[in-house]
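Undergrad: Would you mind keeping the following structure in view while I ask a few things?
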Amino acid sequence: MATTPAPRWEHAVVTGGAGFVGSHLCTALIDQGTAVTCVDDFCTGSRRNVAHLEGRAGFTLLPADVTQPFETAPADLVLHFASPASPADYLRLPLHTLETGSLGTRNALALARRHEARFVLASTSEVYGDPQQHPQSESYWGNVNPVGPRSVYDEAKRFAEALTTAEADGHGTRTGIVRLFNTYGPRMRGHDGRAVPTFIRQALAGEPLTVTGDGRQTRSLAYVDDTVRGILAMAASDLRGPVNLGNPTEITMLELARTVIELTGSSSTVRFIDRPTDDPAVRCPDITLARGKLQWEPRVPPAEGLARAISWFRAQAA
Ligand SMILES: NC(=O)c1ccc[n+]([C@@H]2O[C@H](COP(=O)([O-])OP(=O)(O)OC[C@H]3O[C@@H](n4cnc5c(N)ncnc54)[C@H](O)[C@@H]3O)[C@@H](O)[C@H]2O)c1
C-alpha cells in the first residue's frame, strides 16, 4: 500500500506570515502537512491573507510584534519574513523597519536557537543598493547609501544578514540567508507602491500607468510560487548562503507597463513621473548558485505570472 511521505518539518514558524510572501509560504507548508505558526503584527499584512488557513489542521495565528521576545510551541523551522518591504511601507514605518530587521531578527534567531531549528532569513536584492555590478552575484558587496531614504530597509537587511552570520558562527545555529529579488503575485496590495500591483490597479481602473523616470530602469520579476519553492529548497538544504532567488529575465519598467496594458486589455496610457531618490537603475540576479546548489530556477514566465496576478486583482475588484 502506498504511504504518504512524512512532511519534511513538523512545525514551522513563519514571521510575517500574514504578508504577501509569508502567506504563500504558510499555505505551501500547511499543504505539505507541516504545522505552521504565523507570527504577525499586521503592520503591513492582514488577517485576510491567511483567512483561508484558519480552521485548517496545524495552523496557528499568533498576533505579535517580533521586536519583542516571543515564544511558540517547539519548532524545527523558523522562516523570518517579518519586515515592511515596499518603499511606501518602509518610508511610512522607518523606525519599525529598522527595529524589525535588528531586534526582530535577534528574537527570531533566539527562537531558532532555543528550539534547535533551521532558520532562514528573508533578505533582499536591496542589499546591493544601486549596483555597479550587473547582474548581481552573491559575492558583490553592494552600493548602498547609508543615509538615503531607502537606507532604513537596505541597512536593516544588511544588519540582519550580519546578525544571522554572527549567530551561526557564535552559537552554531543552522542559519540560511536568501536574497529575494522582486516577487509578485496574488495578495499584493494595489496601493503598496510596487510596480506590478500599481500598474495592474491602474490598468484595471482605466487610469494612466505611472512609469518613473524614462522607464528604462530594469527589474527582474519572479512569480511568488517560484520564490516559495526556492525558499523551501533553501530551508531543506544546509546552505548558509546568501543565495539569490529571482528571475533573471530582465524587463524595463516601460515594457512592464505595456505588457500589463496588453494583458488587461486596458485602454490606459502611460504617464511618466519623477523617479524616486536612489532608485536602482538595474536589478537582475545571477542565480548560478541557486541553480547549482538548490537545483532551483524559476519556471513561471512573466506573461503567465502576470496573467495569474491580473485575474486575482480582477476577482478582488468584482
Ligand atoms: N516581495 C518581494 O518582492 C520581496 C523582495 C525582497 C525581499 N522580500 C522580503 O520578504 C519578506 C516579505 O515581504 P512581502 O513582500 O511579503 O511584504 P509584506 O509587507 O506583504 O509582508 C511583511 C509582513 O511582515 C509583517 N511584519 C512587519 N514587521 C513586523 C513585526 N515587527 N512583527 C511582526 N510582523 C511584522 C507585516 O505585517 C506583513 O504581514 C520581507 O522580509 C521582505 O523584506 C520581499
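Quick note: the coordinates plus some simple rules give every number you see, no bench work behind them. Just so it is clear, the structure is predicted and the values come from calculations on it, not from any experiment. Ideal geometry is used to build each Cβ from the backbone, glycine not excepted, and the neighbour counts take in all protein chains shown.
Undergrad: How big is the chain along each principal axis, measuring the range of its Cα positions in Å and listing the largest first?
TA: Extents along the principal axes: 53, 46, 37 Å.
Undergrad: Another question, if that's okay. Give the residue list of chymotrypsin sites (Phe, Trp or Tyr not before Pro) in region 77-159 that are DSSP loop and have at most 14 other beta-carbon atoms within 10 angstrom.
TA: In loop regions of region 77-159 (DSSP not H, G, I, E or B), the sparsely surrounded chymotrypsin sites (Phe, Trp or Tyr not before Pro) are W141.
Undergrad: Moving on to the next point. Take every Cα-Cα pair in region 1-72 and report what % of them are more than 20 Å apart.
TA: 27
Undergrad: Here's a follow-up. Taking neighbour Cβ counts within 10 Å as the exposure measure, how do H96, H171, H134 sort from fewest upward?
TA: Working: H96 21, H171 12, H134 15.
Result, fewest neighbours first: H171, H134, H96.
Undergrad: Right, here's the next one. If R₀ is 22 angstrom, what is the calculated FRET efficiency for the pair R258 and R314, using the beta carbon separation as r and rounding to 0.05?
TA: With a Förster radius of 22 Å, E is 0.70.
Undergrad: May I ask you to compute the full-extension gain from L91 to S46, defined as 0.36 nm times their residue separation minus their alpha-carbon distance, rounded to one decimal in nm?
TA: Result: 14.3 nm gained on full extension.
Undergrad: Calculate for the chain the 222 nm mean residue ellipticity that helices alone would give, adding -39,500 (n - 2.57) per DSSP H run of length 4 or more and normalising by residue count, nearest 500 deg cm²/dmol.
TA: Taking each H run of at least 4 residues, the total per residue is -11000 deg cm²/dmol.
Undergrad: Report, to two decimal places, the Cα Rg of region 203-259 normalised by 2.2 N^0.38 Å (N = number of residues). Please report the intermediate quantities before stating the final value.
TA: Details: Rg = 15.7 Å, N = 57, 2.2 N^0.38 = 10.2 Å.
Working it through for region 203-259, the quotient is 1.54.
Undergrad: Would you list T259, T288, T183 from fewest to most Cβ contacts within 10 Å? Each step should come with its number before you reach the end.
TA: Details: T259 16, T288 13, T183 27.
With the fewest neighbours first, T259, T288, T183 line up as T288, T259, T183.
Undergrad: Work out how much length R216 to T165 would gain on full extension: take 0.36 nm times their residue separation and subtract the Cα-Cα distance, in nm to one decimal.
TA: Numbers: separation 51, 0.36 × 51 = 18.36 nm, distance 3.59 nm.
Separation in residues times 0.36 nm, less the Cα-Cα distance, equals 14.8 nm.
Undergrad: Report, in degrees rounded to the nearest 10, the 0 to 90 angle that the Cα long axis of helix 253-264 makes with the longest principal axis of the chain.
TA: Between helix and principal axis, roughly 90 degrees.
Undergrad: When Lys and Arg each count +1 and Asp and Glu each count -1, what net charge do the other residues less than 10 Å away from A122, Cβ to Cβ, add up to?
TA: Computed value for this residue: +2.
Undergrad: Let me test this: with uniform point scatterers at the alpha carbons of region 244-318, what is the Debye-based log₁₀ I(q)/I(0) at q = 0.13, 0.20 1/Å?
TA: Scattering profile of region 244-318, log10 relative to I(0): -0.57, -1.05.
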